[in-house]
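Comments concern the structure below.
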């Protein structure tokens, strides 16, 4: 068959089921990379628990633990290069296919959500085959987080000059997503002649086990990114400018309206960084210690490699990706690398995620407030994942269930 379209909206067979009433969808996030979202030398206080939880003997226990605790899914963080520093932030980890397959093999219920970067000249056929097989192994529990990569160092690792413009990156993602949907669902071989991808007589067997297909996820903030995501994906990770509940409510309303224009529905998701203790005061002690230990070298590398540079002087440094970031003396003399104390600390403790800091009751209150604002899925990354999962199981989830916000799923 000839591809009926090259770009979305395109949902052969419809969209996957997205919501369960009065239920907060909880994911364990960034468990597959060293330190997760913690760019703090506090992780060195117990390397095995706080930095190297990604190693499979540790990670397999975490994955089984979240299923037993009542989480809904695990979501991997996609990385091709880390940020170094004294902690080796994200320098090591499990890849998108191995982590997903291994997680599927040791669990029975939770969603297996993987992450791919689509701008590195990887064929849709190759990815469709990998994911169809992972979906088969999991019994139809797969989700795929699509990332339109913007890290110049990663493009160079693949032998490419990049990143392309934002328009081109999302055009690539659009074609890739359409091709994946076709390959996952078509009974016939597919001919696909796009600007960025071509396939002739392409087919995968087994096709996707999920019905109608695997869930598709995207994190986008620009209008171009949101346009792609609302046309093609099912769950959208968003951030609010002020990281306040009202900001998430406003963003959720905008995204739902954009999706409705295409006759589609989406689930709003938020990335959250969690530090909880028995009391708010104890949680403040822990977070203050972590702030004092932020890994400046890792943050410096993140700033020079990311597409979220907020300071013109850092931007000039970042344009020479392979150069010495320390060449900019003004930035180096600034204790917050030219981005301000608040943003610097937000990167060091959660990579800009929504901060869930406090007592068990406070964490439950914050989750409920975000849920009422329109957030349906929460990707939780913990400073101490082993302890954090236990705390969620024993303290936070019982509060959510008592208040009617988390069902016990079969």
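In a Gaussian network model over the chain where Cα atoms closer than 10 Å are linked, find which of 214, 163, 12 has the largest mean-square fluctuation.
12
Please list 385-397, 176-188 highest first by mean number of surrounding beta-carbon atoms within 10 Å per residue. Intermediate results must be reported in sequence, preceding the final value.
Details: 385-397: 19.4, 176-188: 21.0.
Per-residue mean Cβ counts within 10 Å order the peptides as 176-188, 385-397.
What whole number of Å gives the distance from the Cα centroid of the range 22-37 to the Cα centroid of the range 244-265?
23 Å
Within 10 Å, count the other beta carbons around each residue, average over each peptide in 85-96, 115-126, and list them highest first. Mind dumping the intermediate values first?
Working: 85-96: 20.8, 115-126: 18.7.
Top to bottom by mean Cβ count within 10 Å: 85-96, 115-126.
Could you work out the relative contact order of the chain? I mean the mean sequence separation of Cα pairs under 8 Å and 6+ apart, divided by the number of residues, in percent.
Values: 811 pairs, mean separation 94.7, N = 410.
Result for the chain is 23 percent.
First check a/c for the range 326-399, with a ≥ b ≥ c the square roots of the eigenvalues of its C-alpha gyration tensor; if it is under 1.5, answer rounded, and if not, answer prolate when a/b is larger than b/c or oblate otherwise. Can you show the working numbers first?
Details: a/c = 3.44, a/b = 2.29, b/c = 1.50.
It is prolate, given that a/c is not under 1.5 and a/b is the larger ratio.
Can you sort 2, 355, 61 so the residue with the fewest Cβ neighbours within 10 Å comes first? Please report the intermediate quantities before stating the final value.
On the way: 2 8, 355 17, 61 14.
Fewest-to-most Cβ neighbours within 10 Å comes out as 2, 61, 355.
List 31, 80, 54 from most exposed to least, where exposure is judged by having the fewest other Cβ atoms within 10 Å.
Working: 31 27, 80 16, 54 23.
So the residues, fewest neighbours to most, are 80, 54, 31.
Test of understanding: what is the full-extension gain from residue 186 to residue 56, defined as 0.36 nm times their sequence separation minus their Cα-Cα distance? List each step's numbers first, then the result.
Working: separation 130, 0.36 × 130 = 46.80 nm, distance 3.50 nm.
Here the answer is 43.3 nm.
Going by Cα centres, the range 114-149 and the range 158-230 are how many Å apart?
Distance between centres, Cα-based: 10 Å.
When Rg is the radius of gyration of the Cα atoms in the range 166-232 and Rh is its Kirkwood radius, what does Rg/Rh come to? Let's see the in-between values first.
Details: Rg = 13.0 Å, Rh = 12.9 Å.
Expressed as Rg/Rh, it is 1.01.
To check you understand DSSP bridge types, tell me what percent of the beta bridges within the chain (both residues inside) are antiparallel, rounded to 5.
Numbers: 7 of 46 bridges.
Antiparallel: roughly 15 percent of the beta bridges in the chain.
Sort 103, 381, 60, 359 so the one with the fewest other Cβ atoms within 10 Å of its own Cβ comes first. Write down the numbers at each step before the final one.
On the way: 103 33, 381 26, 60 15, 359 18.
Going from least to most buried by this count: 60, 359, 381, 103.
Calculated FRET efficiency, residue 193 and residue 265, Cβ-Cβ r, R0 41 Å, to nearest 0.05?
Values: r = 30 Å, r/R0 = 0.74.
Step by step, r from the Cβ atoms, then E = 0.85.
In Å and from the alpha-carbon atoms only, list the Rg and Dmax of the range 76-189.
In order Rg, Dmax, the Cα atoms of the range 76-189 give 15.2, 52 Å.
Please give the FRET efficiency for residue 18 paired with residue 369, using the beta carbon to beta carbon distance and R0 = 30 Å, rounded to the nearest 0.05.
Details: r = 21 Å, r/R0 = 0.70.
After rounding to 0.05, the efficiency reads 0.90.
Suppose the chain between residue 408 and residue 292 were pulled fully straight at 0.36 nm per residue; how much longer would it get relative to their current alpha carbon spacing?
Values: separation 116, 0.36 × 116 = 41.76 nm, distance 3.90 nm.
Here the answer is 37.9 nm.
In whole percent, what relative contact order does the range 34-127 give with Cα contacts below 8 Å and a gap of six or more residues?
Values: 108 pairs, mean separation 29.1, N = 94.
Over the range 34-127, the number comes to 31 percent.
Roughly speaking, what is the centre-to-centre gap between the range 65-99 and the range 373-389 when only Cα atoms are used, to the nearest Å?
13 Å
Relative to the compact-globule scaling 2.2 N^0.38 Å, provide the ratio for the alpha-carbon radius of gyration of the range 1-127. Kindly include the intermediate steps, with their values, before the conclusion.
On the way: Rg = 17.3 Å, N = 127, 2.2 N^0.38 = 13.9 Å.
Cα Rg divided by the expected 2.2 N^0.38 Å: 1.25.
Which three semi-axes in whole Å describe the equivalent ellipsoid of the chain, each the square root of 5 times a Cα gyration tensor eigenvalue, listed largest first?
On the way: eigenvalues 203, 145, 79 Å².
In descending order, the three semi-axes are 32, 27, 20 Å.
Tell me the mean residue ellipticity at 222 nm calculated for the chain from its helices only (DSSP H runs of n ≥ 4, each -39500 (n - 2.57), averaged over every residue, nearest 500).
Working: 16 runs with 165 residues, N = 410.
Taking each H run of at least 4 residues, the total per residue is -12000 deg cm²/dmol.
Rule-based calculations on the coordinates, nothing more; no lab input. As the structure is a computational prediction, the values presented were derived from the model and not from experiment. Note that we place each Cβ from the backbone using ideal geometry, even for glycine, and neighbour counts take in every protein chain shown.
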